[in-house]
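Structure, as structure tokens:
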Amino acid sequence: MQYKGAKVDLKNENAVNDIIKEIQNSECKVSDVKATEKTVRPKPPFTTSKMQQAAANRLGFTSRKTMQIAQQLYEGIQMGANRIGLITYMRTDSVRIAQTALDEVRDWIGKNYPNDLPEKPIEYAVGKGAQDAHECIRPTYTSYTPDSVKEYLTRDQLRLYTLIWEKFVSCQMGNAKTRTTSIDITAGDALFRTSASKLVEKGFYNVIKLLSSKEEVTGSIPSLKKDEVLDSAHKFYPEQHFTQGPARYTDASIVRTLEEKGIGRPSTYAPIISVLLDRYYVQRSNKQLVPTQLGKMICKILVEAFPDVINEHFTADVENKLDDVEQDKIVWNNFIGDFYTPFKHRVDEVDANQESVKGFLDEETDKVCEKCGKPMLKKLGRFGFFLACSGFPECHNTKSIPLAKCPVEGCDGEIVERKTKGRGKSFFGCTNYPKCSFISHFKPLENQYCPKCGWFLVEKFDKKNGNYKSCINPDCDYLHSAEDAAEKLPEAGE
């Protein structure tokens, strides 16, 4: 937006309202219409990291789940009397395509989309540092379209296979074209600009459905001409925006960062995330990876004790040195010896001087052990916080931390966190189960209860409004939306 020929810096609500008053009843007129076209080239086929990122962004898969399903597609799916591997090896850092696969995919495109078949196969450069031991991730046979194999696949298998198939076929198709239309509208001394894009030539987008993103088409605007007079603006919507801090890592963004910084290999991206979760160094919250108190403490100790090892440059440098060993540029024994001797000396030094942190995070509680009568302590273990008897090792009593009182009438139980069998998803249930079967899929806010019905309040989340609190009682009208809530909840981990 511009006002009186200059870009406006609106610092407060009064400045916004002053401009609205000035232009409220002004004539709205189209001052300029511009249309620009852009050529969009197809992107390379999948490597491991790009597949994990796409599956996380499009399907909501974790890196571990993506690799598990890819392994199933690679090992083979029973299709009638035959078991057929549907994709090539799924741990690769190369975008190289075998000649037989190029011939087959070009033949398929020529039959189905002849106008979008380039004269020559499209070649993609293999990234610097790629081992190029395996070609890209692609369908073993282009003729096995997602529609032709869907009856043999589970829902998740079909969705991941569709991503791989669309990515591979589209990478050998013609360019697409988009047209972006920008319209300038004047109202008094103010100038507003709006724009939208649309596809004018689909090209490789002809085969892309599941892989498509919101960015490819950004809405539409009516057909307007320069100097056209519009209806006067009847309402303005002033909104306040705040600068947001960097977003926490998700599976997609952390894999992208690992790849950019040269940390790890395609086979280690998913295990890195799994180890962080399994050891409770991080936990998932709304698909974000949030560091735990244990993770922060371990990180602080290691970074202070081993600054030369616990950094991104060390890992990337070791990867390069291992490549040099493979190419006989350096001697393996010398490389290991130069690292191990000073490292072992530093480990012994830290081990002798580091104070024990065992019990460092223990907290006293007002709970009493029902077995021996001694106070219970709040402890941090590899699966999170829990209550343990202070009489250990004589008494081994442990239990989950109660978050709220059970709201069921006549029940004296407490609500604790539980996990489902198999997938291990969290839910919250009564300690008197199976006598009391009350459960909630929303996390109770510790010792916070509804002022109207007395049931506990829970933490809810949506992408638009973030975290907010709500009464768990479906029959109670004390239900907070993010706009109505008197107090916004802090982000997880803060």
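General remarks:
- Criterion (in contact with a helix residue (DSSP H, G or I) (Cβ under 7 Å, 6 or more places away or on another chain) and among the polar types (S, T, N, Q)) met by exactly one of GLN99, GLN72, GLN68: GLN72
- When LYS435, LYS452 are checked against the criterion of being part of a loop (DSSP other than H, G, I, E, B), in contact with a Phe, Trp or Tyr (Cβ under 9 Å, 6 or more places away or on another chain) and without any contact (Cβ under 8 Å) to a residue 40 or more places away in the chain, a single residue qualifies: LYS452.
- Counting only helices (runs of 4 or more DSSP H) wholly contained in segment 246-359, the ones carrying 2 or more residues that are open to solvent by 70 Å² or more (accessible area, probe 1.4 Å) occupy 251-260, 293-305, 312-326, 332-353.
- For the residues TYR74, TYR161, TYR144, TYR124, the requirement of being part of a helix (DSSP H, G or I), among the aromatic types (Phe, Trp, Tyr), open to solvent by less than 70 Å² (accessible area, probe 1.4 Å) and at negative phi singles out TYR161.
- Selection from segment 77-101 of residues that are assigned to a helix (DSSP H, G or I) and open to solvent by less than 30 Å² (accessible area, probe 1.4 Å): ALA101
- Flag if ALA196 is modelled with pLDDT of 80 or more, surrounded by 13 or more Cβ atoms within 10 Å (Cβ to Cβ) and within 27 Å of THR142 (Cβ to Cβ): no
Conditions tested, residue by residue: (1) assigned to a strand (DSSP E or B); (2) under 31 Å from the mean Cα position of the chain (by Cα); (3) buried (at least 17 other Cβ atoms within 10 Å of the Cβ); (4) at pLDDT below 80.
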residue	(1), (2), (3), (4)
LEU387	yes, no, yes, no
PRO402	no, yes, yes, no
VAL408	no, no, no, no
CYS411	no, no, no, no
ILE415	yes, yes, yes, no
ARG423	no, yes, no, yes
PHE427	yes, yes, no, no
GLU483	no, yes, no, yes
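- Annotation note: Cβ proximity below 9 Å between a residue of segment 215-233 that is of a type outside the set (Phe, Trp, Tyr) and modelled with pLDDT of 75 or more and a residue that is part of a loop (DSSP other than H, G, I, E, B) and surrounded by 10 or more Cβ atoms within 10 Å (Cβ to Cβ) (sequence gap 6+ or interchain) occurs for VAL229/GLU27; LEU230/GLU27; LEU230/LEU224.
- For segment 291-323, a residue qualifies if it is over 21 Å from TYR269 (Cα atoms) and of a type in the set (Phe, Trp, Tyr), and exactly one does: PHE306.
- Options GLU104, GLU135, GLU119; residue that is of a type outside the set (A, V, I, L, M), surrounded by 15 or more Cβ atoms within 10 Å (Cβ to Cβ) and over 32 Å from the mean Cα position of the chain (by Cα): GLU104
- If you go through segment 255-282 and keep only what is of a type in the set (Val, Ile, Thr) and either free of Cβ contacts under 8 Å to residues at least 24 places away in the same chain or over 10 Å from SER49 (Cα atoms) (or both), you end up with THR257, ILE263, THR268, ILE272, ILE273, VAL275, VAL282.
- Yes/no for GLU135 being touching a Lys or Arg at 6+ places or on another chain (Cβ under 6 Å) and part of a loop (DSSP other than H, G, I, E, B): yes
- Qualifying positions in segment 283-308 - free of Cβ contacts under 8 Å to residues at least 12 places away in the same chain and among the hydrophobic types (A, V, I, L, M, F, W, C): LEU302, VAL303
- Within segment 34-60, the set of residues being outside any helix (DSSP H, G or I) and β-branched (Val, Ile, Thr) comprises THR36, THR39, VAL40, THR47.
- Any hit, segment 455-462, residues being of a type in the set (Lys, Arg), more than 16 Å from GLY413 (Cα to Cα) and open to solvent by less than 80 Å² (accessible area, probe 1.4 Å): yes
- In segment 132-161, the residues that are free of Cβ contacts under 8 Å to residues at least 40 places away in the same chain form Cβ pairs under 6 Å with partners that are open to solvent by 40 Å² or more (accessible area, probe 1.4 Å) and not in a helix (DSSP H, G or I), at six or more places apart or across chains, as follows: ASP132/VAL126.
The values are calculated or read from the model by the stated rules, or taken from the named source; none is laboratory data. Please read these numbers as outputs of a predicted model, since none were measured by experiment. When we count neighbours, we look across all protein chains shown, and the Cβ atoms used for this are built from the backbone with ideal geometry, even at glycine. Areas reflect the complete protein model, heavy atoms only, side chains present, ligands, DNA and RNA absent. Shrake-Rupley method; radii C 1.70, N 1.55, O 1.52, S 1.80 Å.
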